């Protein structure tokens with residue numbers, strides 16, 4: 001599988017992060033310390049960050065990622081329901097948290113960028129600041145051990 005590309009790379013992501021609300025900057029900092037995979041997107045669905053634990057599941061370092069939108073995740077990682085049906089961007093927990101502004105959880109299959117299929121569970125939540133100002137969403141996910 002090819003790495004995902006879009007234009008701008010880590011420098012673009014760093015620039016985008018620098019222009020974000022302090023709440024997102026602090027959330028990114030917090031996520032960098034976690035040992036569970038975490039992904040953060042802004043209110044437009046642009047990927048702002050995923051941590052080192054997520055790199056191991058997704059198969060690519062964050063520093064090597066160019067622009068990526070939340071809606072592209074279902075296609076890029078060939079997301080599937082547990083029974084093999086295609087998962088639409090609207091069904092993905094990150095998409096639900098971002099667009100419906102409510103928490104969501106789902107067990108699904110993904111094809112990592114190293115080509116391996118993985119069964120994961122993902123929980124996503126909207127990120128809101130004071131006054132219910134919508135800032136984006138974050139997802140925590142983990143690989144489900146095989147039998």
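All conditions in (1) over 17 Å from residue 39 (Cα atoms); (2) surrounded by 18 or more Cβ atoms within 10 Å (Cβ to Cβ) hold for residue 93, with the sole exception of (1). Could you tell me whether the range 17-29 includes any residue that is farther than 18 Å from residue 129 by Cβ, surrounded by fewer than 13 Cβ atoms within 10 Å (Cβ to Cβ) and out of contact with any strand residue (DSSP E or B) (no Cβ under 7 Å at 6 or more places or on another chain)? Scanning the range 17-29 turns up no residue that is farther than 18 Å from residue 129 by Cβ, surrounded by fewer than 13 Cβ atoms within 10 Å (Cβ to Cβ) and out of contact with any strand residue (DSSP E or B) (no Cβ under 7 Å at 6 or more places or on another chain).
Any read-out appearing in this document is the output of simple, stated calculations on the displayed coordinates, not a laboratory observation. Small disclaimer: the values here were computed from a predicted structure and weren't measured. Positions of Cβ are generated from backbone atoms using ideal geometry, with glycine treated the same way; all protein chains shown enter the neighbour counts.
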